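Heads up: the structure comes next, in structure tokens.
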Amino acid sequence: MAVDCLLLLLDDRDTWRAVADATASRLVDLAEVRQLGPRKRIGDAIASALLLLDVDRVEELGFEAKEAIAELRKMKVERKEEEEGMPGDELLRREALAKEKRRQGNDRFVDGDVDKAIELYTQALDLCPLSRRTERLVLYSNRAQCRLARRDADAAASDATRALALARPANAHARSLWRRAQAYDMKGMARESLLDCLAFAGAWLDRRRRKRRPARGGGSVNPKLPYCVARMISKQMSVTGLFAAMAKTNGDKQLGGGGGDRMLRCDDDDDDGDDEDDPDDDGGSEEELSDDGLKICTSG
């Protein structure tokens, strides 16, 4: 696993600076992963490796890496200690304030005030206790959608990754997979976008198959992907060269051919839900790929 190799390099004081400078701004997005495959407490291992050296050595890093490690220290050390010493009533008050900020952010997003929505989601994340993982997952995912609307691909991918790190199991939040796929597409990362698209598509189809009732003739109705998802997969397969022969033969027949390079916007005909996280939903169950997680969002 690539993360394991990076952790080995970060554990070596001779290579820590070079590796941290190159990877810290991305590794911090994974600092809250509890388990990734067979590897447990992977997020804690990443945090420990990045916080291995004292503050003076961190000051020698580049701006992005230095800011990322400072944010990680604040969350994993300072804020964690602060919240552990808080009474339960104060934690509940903060959680309630965070939910209210999220509701306001949802309203602002619907009204088209994306910058204000980002500000409100950020305030909610600062307030929401670290132990409320489901609520924080929704906040990061909502903010990722706002970043997409602002065409800020790097920030959108970061927020979506943080949301996926908070999911249980890791990467099991379909909306965040879809949002990160779009961010990767903006960045020209076709292979990574394709992987997230396929993960989302698998979840979508599996959920729809389990929800569909048998057809009148006794058979089952095969669910179909929303057009925008199928088009994104086709585009990324073409860019990466996967199944090139099949795409050349059947591409026009499957998707009608033509069209621009960017994926078209999903509209109400592409799904059976709204475009944003339910303002009144507290995140619900953390079960893998719940109903709420499978609703298609606006493609940005």
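Details
- Which listed residue is surrounded by fewer than 21 Cβ atoms within 10 Å (Cβ to Cβ), closer than 20 Å to A157 by Cα and free of Cβ contacts under 8 Å to residues at least 60 places away in the same chain, from D21, D11: D21
- Residue selection: Y121 satisfies the criterion of being more than 30 Å from R17 (Cβ to Cβ), free of Cβ contacts under 8 Å to residues at least 40 places away in the same chain and within 18 Å of the chain's Cα centre (by Cα).
- Lone qualifier among G85, G112, G105 - being buried (at least 18 other Cβ atoms within 10 Å of the Cβ) and either free of Cβ contacts under 8 Å to residues at least 12 places away in the same chain or within 24 Å of the chain's Cα centre (by Cα) (or both): G105
- Between A155, A170, the distinction of being under 22 Å from K76 (Cα atoms) and touching a strand residue (DSSP E or B) at 6+ places or on another chain (Cβ under 6 Å) belongs to A170 only.
- Per-region count, the stretch 1-34, residues assigned to a helix (DSSP H, G or I), closer than 17 Å to R57 by Cβ and over 16 Å from the mean Cα position of the chain (by Cα): 14
- Screening the candidates R168, R175, R151 for the property of being modelled with pLDDT of 95 or more and basic (K, R) yields one hit, R151.
- Residue match in the stretch 55-78 (condition: within 22 Å of N171 (Cα to Cα), in contact with a helix residue (DSSP H, G or I) (Cβ under 6 Å, 6 or more places away or on another chain), of a type in the set (K, R) and part of a helix (DSSP H, G or I)): yes
- Scan of the stretch 35-50 for residues that are surrounded by fewer than 17 Cβ atoms within 10 Å (Cβ to Cβ) and part of a helix (DSSP H, G or I), ordered by number: D44, S48
- Test result for Q35, among the polar types (S, T, N, Q), in contact (Cβ under 8 Å) with a residue 60 or more places away in the chain and touching a helix residue (DSSP H, G or I) at 6+ places or on another chain (Cβ under 8 Å): yes
- Counted as qualifying within the stretch 147-241 are the helices (runs of 4 or more DSSP H) with 2 or more residues that are of a type in the set (K, R) and in contact (Cβ under 8 Å) with a residue 40 or more places away in the chain, namely 174-187, 190-211.
- Of the listed requirements (1) among the hydroxyl-bearing types (S, T, Y); (2) buried (at least 24 other Cβ atoms within 10 Å of the Cβ); (3) farther than 21 Å from A24 by Cα, T134 misses just one: (2).
The values are calculated or read from the model by the stated rules, or taken from the named source; none is laboratory data. Please read all numbers here as calculations on a predicted model, not as lab measurements. Neighbour counts run over all protein chains shown; Cβ positions are idealised from the backbone, glycine included.
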